[in-house]
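Asks: Dropping a structure here in structure tokens format, bear with me for questions.
Read-outs throughout are calculated quantities, based only on the coordinates presented, and are distinct from any laboratory measurement. The model shown is predicted, which means the values in this text are computed figures rather than measured ones. Here the Cβ is made from the backbone with ideal geometry for all residues, glycine too, and neighbour counts use every protein chain on show.
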Amino acid sequence: MPEGHTIHALAGRLNGAFAASAVAVSSPQGKFADGAALLDGLRLVDASAWGKHLFAEFEGERWLNVHLGLIGKFSVMAHPGGHIPVEGQVRLRLLNDSWVGDLRGPTVCAVVTPQKVDQIRARLGPDPLRQDADPDLALYRISRSARSIAELLMDQAVLAGVGNVYRCEVLFRHRVDPFRPGRQILPATWRAIWDDLVSLMPLGVAFGQIVTMDDQVADAMAAVADGSAAATTAAVTGARLGNRFERRFYLYRRTGEPCRVCGRTVRTQLLAGRNLFWCGRCQRGR
Ligand SMILES: [Zn+2]
């Protein structure tokens with residue numbers, strides 16, 4: 001499932017491609033024909049993300065709300081010129097003279113009112129990728145919960161944007177026992193997790209892939225600092241994962257393999273609907 005960094009990157013691409021221009025909006029598949037008609041020919045004011053929700057404001061206070069769900073993809077590519085063929089089930093197509101954006105397989109694609117946008121946002125926890133995020137709101141909910149921290153990190157009402165990869169990896173990075181109830185998590189541990197996500201998730205936006213291992217994080221941060229990451233960011237279309245970094249993690253999808261730190265076998269268990277991966281020796285903290 002696309003995690004929050006994917007949606008923030010998408011918002012950035014939509015702004016770069018369509019902001020301030022009149023956009024031809026259609027639904028080649030037909031399922032979103034009515035919604036597309038409401039937006040067709042309007043100017044895109046601004047696209048933004050909150051967690052896994054995309055909000056694109058068009059003139060006239062019409063908002064497009066998209067949630068990619070498990071398999072959705074929203075690619076934004078340079079206009080190849082001429083007629084652009086429709087490949088697969090394109091729910092929504094955005095088009096201007098220079099760019100084409102094709103949305104396939106979302107769980108949500110709807111035109112909503114500003115009031116509805118506020119309602120959706122009010123249900124979401126703080127998003128580490130947003131400047132206006134308040135980590136204390138998440139701590140408030142975590143510190144009162146008997147649910148495990150691994151489950152809480154996936155709950156979008158507690159924390160918005162984090163999905164299964166970031167949840168597993170960040171708990172390992174801080175050596176936190178994933179089954180520890182939220183109310184036993186030390187506030188200092190939560191701060192460290194939050195600060196880490198605030199550092200890690202922009203790298204996901206910049207490179208179109210999740211980077212959590214220390215050596216790769218260092219390389220990615222250096223590339224952001226010296227400006228060389230920008231070319232990678234521009235090349236990511238949303239059609240597939242970025243490939244600047246070898247796809248490797250501390251734990252994610254490494255069931256049965258040795259922990260990279262202590263050598264014990266990486267374990268897995270279904271938690272909050274997704275496979276949790278953890279190391280029983282390294283992760284004992286709270
Ligand atoms: Zn270990």
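Asks: Can you name the residue in the stretch 95-152 that is assigned to a loop (DSSP other than H, G, I, E, B) and among the basic types (K, R) and is also farthest from the chain's Cα centre (by Cα) among such residues?
Replies: Taking the candidates together, the pick is R144.
Asks: For the stretch 231-286: of the residues being closer than 30 Å to R104 by Cα and in contact with a Pro (Cβ under 8 Å, 6 or more places away or on another chain), which is surrounded by the fewest Cβ atoms within 10 Å (Cβ to Cβ)?
Replies: Looking at the filtered set, the residue picked out is L271.
Asks: From E257, E246, grab the single residue that is of a type in the set (D, E), out of contact with any Phe, Trp or Tyr (no Cβ under 9 Å at 6 or more places or on another chain) and in contact (Cβ under 8 Å) with a residue 12 or more places away in the chain.
Replies: Result: E246 is the single residue among E257, E246 that is of a type in the set (D, E), out of contact with any Phe, Trp or Tyr (no Cβ under 9 Å at 6 or more places or on another chain) and in contact (Cβ under 8 Å) with a residue 12 or more places away in the chain.
Asks: Next up: Given the residues V100, V117, V90, V111, which is the only one that is under 18 Å from Q29 (Cβ atoms), touching a Phe, Trp or Tyr at 6+ places or on another chain (Cβ under 8 Å) and among the hydrophobic types (A, V, I, L, M, F, W, C)?
Replies: Answer to the check: V111.
Asks: On the given criteria, is F74 of a type in the set (F, W, Y), closer than 28 Å to I193 by Cβ and crowded, with 18+ Cβ neighbours inside 10 Å?
Replies: no
One line per residue, one yes/no per condition, for (1) more than 16 Å from the ligand (Cβ to nearest atom); (2) closer than 23 Å to P135 by Cα:
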| position | (1), (2) |
| --- | --- |
| R191 | yes, yes |
| L197 | yes, yes |
| Q216 | yes, no |
| A220 | yes, no |
| G242 | yes, no |
| P258 | no, no |
| G263 | no, no |
| T268 | no, no |
